[in-house]
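Single-structure report; data block below.
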Amino acid sequence: MRLCVEGLSVQRAGRRIIDNIGFKLTEGEALVVCGRNGAGKSTLLRALAGLLPTTQGVISLNRGVLEVELAQNTHYLAHADGMKLALSVEENLNFWANYLAGPSHPRSQSIPQALSIVGLTHALRAPFGALSAGQKRRAALARLLVVYRPLWLLDEPMTALDQASRARLAQAMRAHCAEGGIIIVATHEPLGFVTTRELAL
Amino acid sequence: MTPASTSPLWALFLREWRVARRIGGSGAMGVVFFLTFVTLVPFAIGADPNLLARIGPAILWIAALMASLLSFDRLFQADAEDGSLDLLHLGSSPLELVVLIKCLAHWAASGLPLILAAPFLGLMLQQEPIALGGVVATLLVGTPALTLIGGIGAAATVTVRRGGLLMALLVLPLTIPILIFGVSAAEAASGGSVPFLSPFLILCAITLTAFALCPFAAAAALRYLGE
């Protein structure tokens, strides 16, 4: 698995936010994107996820010599959790597990397994709206585990998490890299695990 | 309920259905609005049974249109706010099908109850059984088209804060053909110079056209506005 970004430029509202960025990541590598507020970290991640049109440049994800569909191999975690307040944690995760699932993958976790990894086992049947901000974040992180996708794009994943949960997240990210995944994180905070690369915007 | 593995689109349908049926969802509110609207009409135009019998189908249709309009603006906006809309792009299903499924689930949760309530409210408007049948048949065929056209409006205003009014302004003119043929078929059911089938079949054609075109328009709007 290899992610290549070449000469990427993104324009929003007439202003060039990302200008000619390029990097290559291979299996097991993690990239931390840092920069001041408004530097374009979120824009870069959205563009990589295919949610923003790019002005210039090429983004490609390759498995061996084959180029694979970027959107279907990407997990994107933004500031919003992507969960319905009226549904339970289990219903929300079950929906995403079914909706995002491609061919079943041995590394996809079951919902109880994923919740135990993020430390939220007790909240399986709780309505999502009843959770605290940190618990919501953890439930959103569990979404990354119920469907295996090699590329993780995480936008400020540490927000609202306590120390123990940060350690759990770091552990999950280490495991993902060790299994050959690629992670790109936009963050201001120390991640708690050795990252291989850093990109300053 | 045990989590079961289902197809992505069926999972989406079930989620939309459940959200609409939970407290604060749009399902029950539409029916209550429908009831209130129809109840208000005799107060405004007087309780003359002949007059009510004559304009009853039109009132039921306008009430159904207004009731469906009420719930459209949350169709994509709720997903945009909680971040699900971005994630829906990352699935394997094309966005057009996602839009279609969301519209169908919305119709099942908030359009279908209106159709079930219509005959009872028709009794309050002095409708004969045959006229009630006409109203139900035309609503059954016409309301999916209303939902699909509403889907375009909802997608076009997804980034507009409090875009409900703007959406109504966009959608209402597009619903005029549905209203014309829906009401004329419903009135023709209880007699008149026009045979029932001619306006009814045109209404069917409008709905089929909406099925074919609206998902593409709404998905295009969502893609463009994702920027």
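The values are calculated or read from the model by the stated rules, or taken from the named source; none is laboratory data. What you see is a predicted model; the values in this text were computed from it and never measured. Note that we place each Cβ from the backbone using ideal geometry, even for glycine, and neighbour counts take in every protein chain shown. Areas reflect the complete protein model, heavy atoms only, side chains present, ligands, DNA and RNA absent. Shrake-Rupley method; radii C 1.70, N 1.55, O 1.52, S 1.80 Å.
Flag set for A:ALA71, criterion: under 19 Å from A:VAL147 (Cβ atoms), free of Cβ contacts under 8 Å to residues at least 40 places away in the same chain and facing another protein chain (nearest Cβ under 8 Å). Tallying residues that are more than 30 Å from B:GLY83 (Cβ to Cβ), over 18 Å from the mean Cα position of the chain (by Cα) and open to solvent by less than 40 Å² (accessible area, probe 1.4 Å) within the stretch B:190-227 yields 1. Of the candidates A:ARG138, A:ARG143, the single residue that is among the basic types (Lys, Arg), farther than 17 Å from A:GLY181 by Cβ, in contact (Cβ under 8 Å) with a residue 12 or more places away in the chain and buried (at least 22 other Cβ atoms within 10 Å of the Cβ) is A:ARG138.
Among the conditions (1) open to solvent by less than 20 Å² (accessible area, probe 1.4 Å); (2) under 19 Å from A:MET173 (Cβ atoms); (3) facing chain B (nearest Cβ under 10 Å), A:HIS79 misses just one, which is (1). Scanning the stretch B:81-113 for residues that are at the interface with chain A (Cβ under 9 Å from one of its Cβ atoms), among the small types (Gly, Ala, Ser) and touching a residue at least 60 places away in the same chain (Cβ under 8 Å) yields B:GLY91, B:SER92, B:SER93.
Filtering the stretch B:127-180 to residues that are open to solvent by less than 20 Å² (accessible area, probe 1.4 Å), among the hydrophobic types (A, V, I, L, M, F, W, C) and more than 26 Å from B:LEU116 (Cβ to Cβ) leaves B:ALA155, B:VAL158.
Would you mention how many residues in the stretch B:179-208 are in contact (Cβ under 8 Å) with a residue 40 or more places away in the chain and among the β-branched types (Val, Ile, Thr)? Going through the stretch B:179-208 one residue at a time, the tally reaches 3. Here A:ALA186 meets the list (1) within 17 Å of B:SER84 (Cα to Cα); (2) under 10 Å from the mean Cα position of the chain (by Cα); (3) of a type in the set (Gly, Ala, Ser) almost entirely, failing just condition (1). For the stretch A:16-34, filtering for residues that are open to solvent by 20 Å² or more (accessible area, probe 1.4 Å) and either touching a Gly at 6+ places or on another chain (Cβ under 7 Å) or of a type in the set (Gly, Ala, Ser) (or both) leaves 5.
Checked against the criteria, A:HIS122 counts as open to solvent by 60 Å² or more (accessible area, probe 1.4 Å), farther than 20 Å from A:VAL10 by Cα and at pLDDT 90 or above. Counting only residues that are assigned to a helix (DSSP H, G or I) and touching a residue at least 60 places away in the same chain (Cβ under 8 Å), the stretch B:119-138 holds 9 of them. Is it true that some residue in the stretch A:8-15 is in contact with a helix residue (DSSP H, G or I) (Cβ under 7 Å, 6 or more places away or on another chain), modelled with pLDDT under 85 and either open to solvent by less than 10 Å² (accessible area, probe 1.4 Å) or not in a loop (DSSP other than H, G, I, E, B) (or both)? Yes, the stretch A:8-15 contains a residue that is in contact with a helix residue (DSSP H, G or I) (Cβ under 7 Å, 6 or more places away or on another chain), modelled with pLDDT under 85 and either open to solvent by less than 10 Å² (accessible area, probe 1.4 Å) or not in a loop (DSSP other than H, G, I, E, B) (or both). The set of residues from the stretch B:81-99 being under 30 Å from B:VAL32 (Cα atoms) and crowded, with 21+ Cβ neighbours inside 10 Å comprises B:SER84, B:LEU85, B:VAL98, B:VAL99.
Residue-wise test of (1) touching a Lys or Arg at 6+ places or on another chain (Cβ under 8 Å); (2) more than 9 Å from chain A (Cβ to nearest Cβ); (3) under 19 Å from B:PHE216 (Cα atoms); (4) part of a helix (DSSP H, G or I).
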{"site": "B:SER5", "(1), (2), (3), (4)": "no, no, no, no"}
{"site": "B:ALA11", "(1), (2), (3), (4)": "no, no, no, yes"}
{"site": "B:TRP17", "(1), (2), (3), (4)": "no, yes, no, yes"}
{"site": "B:MET29", "(1), (2), (3), (4)": "no, yes, no, yes"}
{"site": "B:LEU35", "(1), (2), (3), (4)": "no, yes, no, yes"}
{"site": "B:VAL38", "(1), (2), (3), (4)": "no, yes, no, yes"}
{"site": "B:GLY56", "(1), (2), (3), (4)": "no, yes, no, yes"}
{"site": "B:SER68", "(1), (2), (3), (4)": "no, yes, no, yes"}
{"site": "B:GLN77", "(1), (2), (3), (4)": "no, yes, yes, yes"}
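The condition of being in a helix (DSSP H, G or I), over 24 Å from A:ALA167 (Cβ atoms) and within 14 Å of chain B (Cβ to nearest Cβ) holds for only one of A:THR54, A:THR43, that being A:THR43. Could you please find all residues in the stretch A:82-119 being more than 9 Å from chain B (Cβ to nearest Cβ), open to solvent by less than 30 Å² (accessible area, probe 1.4 Å) and either under 25 Å from A:GLY180 (Cα atoms) or in a helix (DSSP H, G or I) (or both)? If the condition is that a residue be more than 9 Å from chain B (Cβ to nearest Cβ), open to solvent by less than 30 Å² (accessible area, probe 1.4 Å) and either under 25 Å from A:GLY180 (Cα atoms) or in a helix (DSSP H, G or I) (or both), then A:VAL89, A:ALA114, A:LEU115, A:VAL118, A:GLY119 are the ones that fit. Within the stretch A:163-201, the set of residues being surrounded by fewer than 13 Cβ atoms within 10 Å (Cβ to Cβ) and among the acidic types (Asp, Glu) comprises A:GLU179, A:GLU198. One residue alone among B:VAL158, B:VAL141, B:VAL171 is hydrophobic (A, V, I, L, M, F, W, C), closer than 21 Å to B:ILE101 by Cα and outside any helix (DSSP H, G or I), and that residue is B:VAL158.
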